[in-house]
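Written below as structure tokens is the structure these notes are about.
The values are calculated or read from the model by the stated rules, or taken from the named source; none is laboratory data. Note that the coordinates shown come from a computational prediction; the quantities given were computed from them, not determined experimentally. Here the Cβ positions follow ideal geometry from the backbone for every residue, glycine too, while neighbour counts run over all protein chains shown. Each accessible area value is taken on the protein alone, full model and side chains, heavy atoms only, with ligands, DNA and RNA left out. Shrake-Rupley method; radii C 1.70, N 1.55, O 1.52, S 1.80 Å.
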Amino acid sequence: MKGTGRIAGYTVNRKTISVQIELSGAMAVIDELERSKGRMKTIRLDTFQVVGKIESINIRRSVGFLIHTARLDFINRGLFRLIEKESLTIEVSTPQQDKLLYLLETVAGKRSQKPQDLLFELTSFKKKDGDGSEKTIPGRRSVFDLSEAQSSVVLDKIRRLSVAR
């Protein structure tokens, strides 16, 4: 799920941080959020990524949801910097992206690589131009930047890598 919105507020509790996110004009994502409710998800707020559990969904003037994430200093500082922004790109991972994130982490760990470097390697390719010369197309470093079809191709490639090892 991808949309724009803002952080409506956050509270630092004893063990968790509660983050209230409002999406602008996002009535179409209600079903997807409902399916994600109660599950751990990777949520990207612009370039800041946080893993948390979607606790509740509310519909008022806009669609909003509440997530609980670990109480860590770097998360608190990152959210504090973002709370001032009026508009953020908000992405919540799909089940396929969750699977891809897990496999990237696992295989990259076995290869002593960073997951983003492995993803870049798997999504880069060479393409022949009309004049016969080859051109390298750079890959992606985030699963959120992949289309559904690209995610399927990368999942297939990474599964072959994990079986080969």
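Only sites in a loop by DSSP and with at most 12 other Cβ atoms within 10 Å count here; which GluC sites (Glu not before Pro) in the stretch 83-165 make the cut?
Glu84, Glu86
Please work out which option in (i) 33, 19, 15; (ii) 27, 18, 14; (iii) 30, 15, 14 gives semi-axes √(5λ) of the Cα gyration tensor in Å calculated from these coordinates, and answer with its label.
Working out semi-axes √(5λ) of the Cα gyration tensor in Å from the coordinates points to (i).
Across the stretch 129-142, in residue order, what do the Karplus-derived ³J(HN,Hα) couplings come to in whole Hz, using 6.51 cos²θ - 1.76 cosθ + 1.60 with θ = phi - 60° and x for Gly and Pro?
Values per residue, Gly and Pro as x: 7, x, 8, x, 7, 8, 10, 8, 9, x, x, 9, 10, 9 Hz.
Using a simple charge model, +1 on the beta-carbon of Lys and Arg, -1 on the beta-carbon of Asp and Glu, nothing else, what dipole does the chain show about its Cα centre, in debye to the nearest 20?
Computed about the Cα centre, the dipole is about 540 debye.
Leaving out ligands, DNA and RNA but keeping every protein chain, what accessible area does Val50 have, in Å² rounded to the nearest 10, with a 1.4 Å probe?
Val50 has an accessible surface of roughly 10 Å² with all protein chains in place.
With every protein chain kept in place and ligands, DNA and RNA left out, what is the accessible area per residue of the stretch 1-127? Probe 1.4 Å, answer in Å².
58 Å²
Which percent of the accessible heavy-atom area of the chain goes to carbon and sulfur, probe 1.4 angstrom?
It is 50 percent, rounded to a whole number.
Between Lys114 and Ser24, how many nm apart are label points set 7 Å from Cα along the C-beta direction?
3.1 nm
Using alpha carbons only, how many angstrom separate the centre of the stretch 122-148 from the centre of the stretch 1-41?
Going from one Cα centre to the other spans 32 Å.
Expressed as a rounded percentage, what relative contact order does the stretch 28-165 have, with Cα pairs under 8 Å and six or more residues apart?
The value is 17 percent.
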